[in-house]
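The values are calculated or read from the model by the stated rules, or taken from the named source; none is laboratory data. Predicted model only: the values in this text are computed from it and were never measured. Glycine also receives a Cβ, built like all others from the backbone with ideal geometry; neighbour counts cover every protein chain displayed. These area figures cover heavy atoms from the full protein model, side chains too; ligands, DNA and RNA do not enter into them. Shrake-Rupley method; radii C 1.70, N 1.55, O 1.52, S 1.80 Å.
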Amino acid sequence: MLAPIVHVLGARPNFVKAAPVIDALRAARYPQSVVHTGQHYDERLSDVFFAQLGLPEPDVNLGIGSGSHAEQTAAAMVGLEREFLARSPGLVVVYGDVNSTLAAALVAAKLHLPVAHVEAGLRSFDETMPEEINRRLTDQLCELLFTTSPEAVGHLVNEGVDLARVHFVGNPMIDTLLANLDRFDTERVRRDQALPDRYAVATLHRPANVDDPEVASTLVRALHEVAASADVVIPVHPRGRATLEAAGLSRDPRVHVREPLSYVEFVALVRGAAAVITDSGGVQEETTVLGVPCLTLRPNTERPITISHGTNRLVTYQELVPAARKAIEEPLTEADAPERPPLWDGRAGARIASVIAAWMERDVLR
Ligand code: UD1
């Protein structure tokens, strides 16, 4: 009897990445369980995603909730240690770069449990981002590293990771997107959200953009200017809501402030948008595949492939308004569409499952 594969999930983007991996391992009949740390706990950031993506109910939710980085990481570690000791996993699988990811990798490594990291090797080289610290440290602790792009393999090798552990498999977040294409009904969601034909979507939640009231105020002014070219819909992450509202976000009637949307509603809106303004990692990837112009309000990205093979562009607050106006007024044509990044073909989950299967069998025979 094989020891179970335990997937550790904590925050919204983890759910989107894990769905195709869990699905492929389920098809291969591997025993698996899901531990939800509870980092994201609002129904709209968590439950809705489990339901829409067909994820199994978590076997346990540790309910760690919000807190400082130390509080959140420590609470996750204490709960995960207890779970790993009780479940004796054959492999722990972690996703992305959130605090729950690092907590799980650290606990597993100290218990001598092998860890697999889905979305390994991405680097922004910006140590002011907590995610960069989470990624670097997680990758050092893993037995299996699954990358979404060739340059991620290079970063891992540069950091001394044994190439035999690294597997370039493509992008499971894009598996989820391609598997759900038929469900993205842009017209319906546009009508439900009371938006005109031409609109832009904005999503902003990074501390660098939404924590400081002065920065938030510059950002809100820029969004109001963009709204002079096309209505802007902004599903607001709870993190930034108070600061952005205090800066007058909803004062402009062409800026439509909404609660966080479900996965299917959100991607449907992005698909029909004239432009997307974001600081999210996943949205840079989704717009790349959907061919929607993406303006990323960050000085760097750990996903440069979305610039070289996609529609993404990094912008400052000053550059945002002219860039958005251009994207809205001069729509991309088919001829502008860049070639999709290699292996972003909807089969990453299956590739990950087959590497894990081979690795598990090898472990049994050893
Ligand atoms: C986290 C990840 C970030 C990821 C994002 C996706 C880290 C360090 N950050 O950021 O990389 O891009 O998730 O959404 O792990 N809150 C709620 N309800 C919730 C969750 C959070 O109201 O269900 C509010 C709380 O005020 C909380 C704040 O949002 O303090 C921040 O939540 P947290 O999980 O710490 O980080 P995110 O900003 O969501």
Single residue of 278, 306 found to be hydroxyl-bearing (Ser, Thr, Tyr), within 17 Å of the chain's Cα centre (by Cα) and within 24 Å of residue 256 (Cα to Cα) | 278
Expected single match for open to solvent by 30 Å² or more (accessible area, probe 1.4 Å) and part of a helix (DSSP H, G or I) among 127, 131 is 131
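Residue-by-condition table, conditions (1) modelled with pLDDT under 95; (2) surrounded by fewer than 21 Cβ atoms within 10 Å (Cβ to Cβ); (3) closer than 23 Å to residue 145 by Cα:
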| residue | (1), (2), (3) |
| --- | --- |
| 322 | no, yes, no |
| 342 | no, yes, yes |
| 355 | no, yes, yes |
| 360 | yes, yes, yes |
Which residue pairs have Cβ atoms under 6 Å apart, sit 6 or more places apart or on different chains, and have a first residue in the range 72-84 that is assigned by TED's automatic domain parsing to the domain that holds residue 110 and a second that is more than 11 Å from the ligand (Cβ to nearest atom) and assigned to a helix (DSSP H, G or I)?
-> 77/107; 80/104; 80/107; 81/107
Condition met for residue 191 (outside the structural domain of residue 127 (by TED's automatic domain parsing), without any contact (Cβ under 8 Å) to a residue 12 or more places away in the chain and of a type outside the set (Asp, Glu)) | yes
Which residues, counting only those in the range 31-46, are more than 10 Å from the ligand (Cβ to nearest atom) and either within 26 Å of residue 184 (Cα to Cα) or in a loop (DSSP other than H, G, I, E, B) (or both)?
-> 31
Filter the range 1-18 for residues that are part of a helix (DSSP H, G or I) and either away from the ligand (no atom under 16 Å from the Cβ) or open to solvent by 40 Å² or more (accessible area, probe 1.4 Å) (or both); which is farthest from residue 96 (Cα to Cα)?
-> 12
State which residue is surrounded by the most Cβ atoms within 10 Å (Cβ to Cβ) when the search covers only the range 33-58 and only residues that are in contact with a strand residue (DSSP E or B) (Cβ under 9 Å, 6 or more places away or on another chain) and among the aliphatic types (A, V, I, L, M).
-> 35
Would you please name the residue that is farthest from the ligand (Cβ to nearest atom), looking only at residues in the range 134-147 that are in contact with a strand residue (DSSP E or B) (Cβ under 8 Å, 6 or more places away or on another chain) and open to solvent by less than 40 Å² (accessible area, probe 1.4 Å)?
-> 144
Take residue 296 and decide whether it is of a type outside the set (Asp, Glu) and open to solvent by less than 10 Å² (accessible area, probe 1.4 Å).
-> yes
If you scan the range 78-105, which residues turn out to be on the phi < 0 side of the Ramachandran plot and of a type in the set (S, T, N, Q)?
-> 99, 100, 101
Would you kindly identify the strands (runs of 3 or more DSSP E) lying entirely within the range 164-280 that contain at least 1 residues that are among the aliphatic types (A, V, I, L, M) and surrounded by fewer than 19 Cβ atoms within 10 Å (Cβ to Cβ)?
-> 255-258
Qualifying residue in the range 59-70 (condition: assigned to a helix (DSSP H, G or I), open to solvent by 40 Å² or more (accessible area, probe 1.4 Å), within 16 Å of the ligand (Cβ to nearest atom) and under 21 Å from residue 238 (Cβ atoms)) = yes
Selected residue (only one of 80, 102 is touching a helix residue (DSSP H, G or I) at 6+ places or on another chain (Cβ under 7 Å) and either near the ligand (Cβ under 9 Å from one of its atoms) or of a type in the set (Val, Ile, Thr) (or both)) | 102
Pairs under 6 Å by beta carbon, first residue assigned to a helix (DSSP H, G or I) in the range 325-342, partner surrounded by 16 or more Cβ atoms within 10 Å (Cβ to Cβ), six or more apart or different chains?
-> 325/229; 327/275; 327/293; 328/229; 328/230; 328/274; 328/275
Quick one: is residue 318 of a type in the set (S, T, N, Q) and crowded, with 17+ Cβ neighbours inside 10 Å?
-> no
